[in-house]
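This report concerns only the one structure given below.
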Amino acid sequence: MSIYQLSDEQIAQYHRDGYLIVSKLFSSEEIDRLYQVAIDDTAISQHSYDLNDQSGKKTKLALWFTPGNDMYGLLTRSERIVQSVNKLLDSSSPVCHFHSKLMQKEPLVGGAWEWHQDYGYWYKNEFLFPDQMFSVMVAITEATKENGCLQVIKGSHKMGRVEHGFAGEQVGASQRYVDLALKTMELIYVELKPGDALFFHSNLLHRSEANLSENARWSLISCYNRQDNVPYNESSTSCITPLETVPDEALLTWQVAGITDQTDFLNKENDVSLT
């Protein structure tokens with residue numbers, strides 16, 4: 001099976017806009033298998049925690065550091081993703097995995113995410129090089145305006161890090177700079193079909209509305225880092241451990257199930273970005 005390759009045009013678009021949408025990066029069969037594992041995954045449900053937005057609505061997430069031989073780890077370590085990550089990140093040291101999270105924005109109750117940059121959080125982990133970090137969000141269910149899809153400010157990664165403070169239980173970007181960015185740059189609603197992927201820079205401003213629809217919005221977000229971007233306030237070594245890729249066909253051919261209780265999940269009270 002040939003490895004998916006980003007085009008020069010896609011690479012240029014990412015650096016210009018701060019994000020890149022790749023349609024149908026994963027097949028419906030692969031996503032169906034992932035979704036069935038996710039909805040039956042007791043370890044995920046036991047280690048999920050809620051974060052309140054400013055209105056008190058809750059978004060549920062589970063976050064872990066080391067990708068294993070479960071369905072989520074196979075996606076995170078798949079050649080099509082890791083090779084793409086390697087082409088988009090600054091520097092040339094090995095690609096590593098910072099953390100992954102399963103986002104579960106449930107119908108009618110799923111809360112909003114305030115405007116923020118991921119590096120607004122990761123700065124507290126004392127990573128020094130934001131160009132060597134980004135996230136890949138894979139849609140497990142359809143993401144639409146109605147169910148609270150991601151919104152991004154096109155090109156805002158070029159602003160650098162802006163100040164962040166608390167908004168509800170979340171950490172949000174300075175509203176003054178968000179307002180200035182929206183005067184200058186374009187707001188994009190990132191509507192995705194299951195299997196589509198969004199690659200986005202650690203300094204890209206993004207948010208999402210509450211899910212007021214009757215359809216759940218589930219996504220898997222994996223965050224990557226270069227090995228030489230060493231953090232000085234992070235106990236997990238996953239972010240400086242080179243990833244071992246797996247062949248793309250593993251998602252359909254390997255006999256694996258959900259994540260295990262032995263996985264290094266993040267506990268809410270240990271999240272340095274919330275302190």
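The values are calculated or read from the model by the stated rules, or taken from the named source; none is laboratory data. In this text the structure is predicted, and so the values were computed from the model without any measurement. Reconstructed Cβ throughout: ideal geometry from the backbone, glycine too, with neighbour counts over all protein chains shown. Keep in mind that these areas ignore ligands, DNA and RNA; they rest on the heavy atoms of the full protein, side chains included. Shrake-Rupley method; radii C 1.70, N 1.55, O 1.52, S 1.80 Å.
For F166 and T253 in one chain, what is 0.36 nm times their gap in residues minus the Cα-Cα distance, to one decimal in nm? Walk me through the numbers before you get to the answer.
Values: separation 87, 0.36 × 87 = 31.32 nm, distance 4.40 nm.
Extra length available between F166 and T253 comes to 26.9 nm.
The listed peptides 98-104, 261-267, ordered by packing as a protection proxy, come out as 98-104, 261-267 (highest mean of other Cβ atoms within 10 Å first).
Taking region 1-61, which trypsin sites (Lys or Arg not before Pro) meet the DSSP loop condition and have no more than 16 other C-beta atoms within 10 Å?
Working: sites: R16, K24, R33, K57, K58, K60; in loops: K24, K57.
In loop regions of region 1-61 (DSSP not H, G, I, E or B), the sparsely surrounded trypsin sites (Lys or Arg not before Pro) are K24.
Leaving ligands, DNA and RNA out of it, rank H15, H97 by accessible area with a 1.4 Å probe, largest first.
Numbers: H15 90, H97 0 Å².
The most accessible residue leads, giving H15, H97.
Around the Cα centre of the chain, unit charges on the Cβ atoms of Lys, Arg, Asp and Glu (plus for the first two, minus for the last two) sum to a dipole of about 620 debye.
For the pair D50 and T260, the difference between a 0.36 nm per residue extended length and the Cα-Cα distance amounts to 73.6 nm.
Using a 1.4 angstrom probe on heavy atoms only, work out the carbon and sulfur share of the accessible area of region 8-274 in %. C and S fraction of accessible area: 48 percent.
Please work out the average accessible area per residue across the chain, using the 1.4 Å probe convention, and give it in Å². Write out the running numbers ahead of the final one.
On the way: 11870 Å² over 275 residues.
That works out to 43 Å² per residue.
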